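*Asks:* Quick one: the structure is below, questions incoming.
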């Protein structure tokens, strides 16, 4: 399925960018999970970790897909436990064409 074409619903195709902060027992399983999901949804941005218990994700793309990504990450993979997360809106135009791991 190509997520960049088709009808995403009213308003769902608007571009948005968010910064998501996740806390919990995350580690490498969460990073790999978030990276794979963002790439599958054709989002742009990055994921950074300061330690095994927190991750910052910046994601940009169609609003409906960014929302789906947030829901997916809030549930996390089976090998991790997301205890809380926060979402902050950012301006679009991240100047990146893919989703990558940083730091």
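*Asks:* Quick one: in the stretch 37-52, which of the residues that are surrounded by 14 or more Cβ atoms within 10 Å (Cβ to Cβ) and not in a strand (DSSP E or B) is farthest from the chain's Cα centre (by Cα)?
*Replies:* It comes out as 52.
*Asks:* Among the candidates 68, 59, 50, single out the residue that is at pLDDT 95 or above and farther than 12 Å from residue 17 by Cα. Reasoning before the result, please.
*Replies:* Numbers: 59 fails: farther than 12 Å from residue 17 by Cα; 50 fails: at pLDDT 95 or above.
Of 68, 59, 50, the one residue that is at pLDDT 95 or above and farther than 12 Å from residue 17 by Cα is 68.
*Asks:* A further question follows. May I ask you to verify whether residue 87 is within 18 Å of residue 31 (Cβ to Cβ), modelled with pLDDT of 95 or more and either assigned to a helix (DSSP H, G or I) or in contact with a strand residue (DSSP E or B) (Cβ under 8 Å, 6 or more places away or on another chain) (or both)?
*Replies:* Numbers: within 18 Å of residue 31 (Cβ to Cβ): no; modelled with pLDDT of 95 or more: yes; either assigned to a helix (DSSP H, G or I) or in contact with a strand residue (DSSP E or B) (Cβ under 8 Å, 6 or more places away or on another chain) (or both): yes.
When the stated conditions are applied, residue 87 does not pass them.
*Asks:* If residue 58 passes every condition in (1) within 12 Å of residue 82 (Cα to Cα); (2) within 12 Å of the chain's Cα centre (by Cα) but one, which one does it miss?
*Replies:* So the condition that residue 58 fails would be (1).
The values are calculated or read from the model by the stated rules, or taken from the named source; none is laboratory data. Just so it is clear, the structure is predicted and the values come from calculations on it, not from any experiment. For neighbour counting, all protein chains shown are included, and Cβ atoms are generated from backbone atoms with ideal geometry for every residue, glycine included.
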